[in-house]
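Q: One structure coming up, written as structure tokens, with questions to follow.
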Amino acid sequence: MSATSTTPPPALHPYLSARHALLWAEADTFADEQVTPRIARMEAAPDRVECKLAELMGARGWFGVLVPAALGGLDAGHVARTVLVHRIACASASVAATLQATLIPVGAVLNFATDEQRQRWLPGVAEGSRLLSIAVTEPEAGGHIGGIETTATHTGNGWVLTGSKAHVGNSHLAAAHLVVARTAAVGTSTSTALTAFMVESDRPGLTLGDQRSGLGLHGFSAGRLELDQVRIPHDNVLGDVGQGLAVAQSSSILYGRPNLAAVSLGIHEAVVAATTERLKTRTRYGSTLAELPVLRDRVGGMESRLRAARILAYQAVHLLDEGVPCDAELINSKYLGHQLAVQTAQDAMELHGAHALDRGYLLQRLWRDIQHTYPPAGTGEVQRIRLADVAFDEARIQWSERLAPEAARAQPDPTTV
Ligand SMILES: Cc1cc2nc3c(=O)[nH]c(=O)nc-3n(C[C@H](O)[C@H](O)[C@H](O)COP(=O)(O)OP(=O)(O)OC[C@H]3O[C@@H](n4cnc5c(N)ncnc54)[C@H](O)[C@@H]3O)c2cc1C
């Protein structure tokens, strides 16, 4: 499925500058020329990591979309990263997932690293030569971050890390992994028991599990890291010792959730486009399925959900660019963005009839891929727990406010489209 449009819809004009519109068109062209021609190959070899497209996105500076210009980045802000992830996801959620998976640890480095660490990690990201990953999840600890068993033990001049990480986005592409590990005894409060470390992928003792295909997102690497007595210097601690929960949580809310909202949105658009195209061309008694009121009713519901998801995704990152407290909007955009797209994808499977079940049919890839935006950056249950806290006025931390100087680093060009 190629990108559906090179012109942002009018409803997004309040959020988009001229620079955003240029990025939109650039991403659509890239999707048409580079991504779409490779999709069949990616689907045919689901165990293979798609490296070439990461290299091509890197050459365009897109992994550095949030990185300050002084460090070689585009310094384009949060709406800009949503534009890139969303437009790429219209063509391939897998490629969009690759882009977004590095933007999460980049956000953590921006918010928690020292100046020296930023100089060390970010120029390589900006030029696309050194991607990052974030490794929080473990085989026995996903949503339950307090269950992290990977340990980091302080030695004379550094740390020794041992444990396993699972479902690490860009595991096979990253030159360094942001690993969250336990630095205090079991029983210590999670808010002080964890610490974040930057672990270079060539450190002795660090091994990668084999790339194994999942239900969807073929070509995206989300594999395992095994850490066996991996030694790293103290300079690789990100943030303060004991601040690992803050690093993981803030990165998930400020970067992971809006990124996943953008991936869901791209899939959602592709599903609606494929369905209207199908109904317009499927003939029935001299007319087409698009003429049937009962089917138009369902398409109307799909279009309604798509429009709602689009506004949720862009409004949230616009507020982030503006420095406005918006954790709840970021959470909701991820939560509802996925929910709405899943419902649309299920409707679409039914509207495409038996053809939807034929091997290799486009809609299957979209339906499989949308299942992958539920678990990362907080499952639906996690999002509803956070939103209930907001409803009861019990939310303890507003990361978009606490990290506002960084979140508002790149104010968008005020010139609107
Ligand atoms: C495409 C993709 C990319 C990913 N990328 C990364 C990455 O880059 N880095 C990384 O570290 N991880 C990544 N993950 C892992 C992701 O963060 C976890 O899958 C997620 O945290 C959920 O953990 P789990 O899968 O172990 O599910 P579990 O934690 O086992 O949860 C299973 C179910 O129980 C529910 N549940 C669990 N605890 C509670 C609770 N206390 N209250 C209510 N319900 C609960 C969950 O909502 C879920 O429905 C990725 C996953 C996917 C699919």
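Any read-out appearing in this document is the output of simple, stated calculations on the displayed coordinates, not a laboratory observation. What you see is a predicted model, and the numbers here were worked out from it, not measured in a lab. As a convention, Cβ positions derive from the backbone with ideal geometry for all residues, glycine included, and neighbour counts pool all protein chains shown.
Q: So, R0 is 30 Å and r is the distance between the beta-carbons of ARG296 and ASP32; what FRET efficiency does that work out to, to 0.05? Can you show the working numbers first?
A: Details: r = 29 Å, r/R0 = 0.97.
Efficiency at R0 = 30 Å is approximately 0.55.
Q: OK, next. Running a GNM on the chain with Cα contacts under 10 Å, which residue among VAL186, VAL230, VAL136 ends up with the highest mean-square fluctuation?
A: Residue with maximal mean-square fluctuation among VAL186, VAL230, VAL136: VAL186.
Q: May I ask for the angle, rounded to the nearest 10°, between helix 93-112 and the longest principal axis of the chain, with both axes built from Cα atoms and the value confined to 0 to 90°?
A: For helix 93-112, the angle is close to 30 degrees.
Q: Can you compute the modelled spin-label distance between HIS355 and GLU140, with each label point 7 Å from Cα toward Cβ, in nm?
A: Calculated label separation equals 5.0 nm.
Q: Could you work out how far helix 380-391 tilts from the main Cα principal axis of the chain, as a 0 to 90 degree angle to the nearest 10?
A: 80
Q: Rounded to the nearest 0.05, what FRET efficiency do ASP202 and VAL390 give with R0 = 41 Å and r taken as the Cβ-Cβ distance? Could you check?
A: Numbers: r = 43 Å, r/R0 = 1.04.
Calculated value: 0.45.
Q: When the chain is modelled as a GNM with alpha-carbon springs shorter than 10 Å, which of VAL271, VAL382, VAL180 fluctuates the most?
A: VAL382
Q: Which order do the peptides 111-117, 21-27 come out in when sorted by mean C-beta neighbours inside 10 angstrom, highest first?
A: Packing order, densest peptide first, comes out as 21-27, 111-117.
Q: Now a separate question. Could you work out the relative contact order of the chain? I mean the mean sequence separation of Cα pairs under 8 Å and 6+ apart, divided by the number of residues, in percent.
A: That works out to 19 percent.
Q: In addition: With springs only between Cα atoms under 10 Å apart, run a GNM on the chain and tell me which of PRO139, PRO293, PRO258 wobbles the most.
A: Among PRO139, PRO293, PRO258, the largest GNM mean-square fluctuation belongs to PRO293.
Q: Which value in nm describes the separation of the simple spin-label points at ASN157 and ARG212, placed 7 Å from the Cα toward the beta carbon?
A: Once both label points are built, they end up 4.0 nm from each other.
Q: Give the residue from ALA184, ILE134, VAL83 lying farthest towards the positive end of the charge dipole for the chain; charges sit on Cβ (+1 for Lys and Arg, -1 for Asp and Glu) and the dipole is referred to the Cα centre.
A: VAL83
Q: Cut-off under 16 Å on the C-alpha distance; same-chain residues fewer than 8 positions from LYS334 excluded. Which aspartates and glutamates are left, in chain and number order?
A: Counting by Cα, and skipping residues close in sequence, LYS334 has these aspartates and glutamates nearby: GLU269, ASP369, GLU381.
Q: Could you calculate, for region 133-242, the ratio of the Cα radius of gyration to the Kirkwood radius, expressed as Rg to Rh? Before the final figure, lay out the partial values.
A: Numbers: Rg = 13.5 Å, Rh = 14.0 Å.
Value, to two decimals: 0.97.
Q: I want to verify the translational diffusion coefficient of region 164-228 in µm²/s; compute it with Stokes-Einstein, Rh as the Kirkwood radius over Cα pairs, at 4 °C and 1.567 mPa s.
A: 99
Q: I've got another one for you. List the relative contact order of region 10-130 as a percent without decimals, with contacts defined as Cα pairs under 8 Å and 6+ residues apart.
A: 32 percent.
Q: Using all alpha carbons of region 10-130, what is the percent of pairwise distances in each 10 Å bin, ordered from the shortest bin to the longest?
A: For region 10-130, the pair-distance distribution reads 13, 44, 31, 11, 0.
Q: Please list, short to long, the whole-number percent of alpha-carbon pairs of region 246-407 in consecutive 5 angstrom bins beginning at zero.
A: Per 5 Å bin, starting at zero, the Cα-Cα P(r) for region 246-407 comes out as 1, 9, 17, 18, 16, 12, 9, 7, 5, 3, 1, 0, 0 percent.
Q: If you take the beta carbon distance between THR281 and HIS13 as r and set R0 to 45 Å, what does 1/(1 + (r/R0)^6) give as a FRET efficiency, to the nearest 0.05?
A: Once rounded, the FRET efficiency stands at 0.90.
Q: Let me ask another. Where does helix 257-281 land angle-wise versus the long Cα axis of the chain, in degrees 0 to 90, nearest 10?
A: 20
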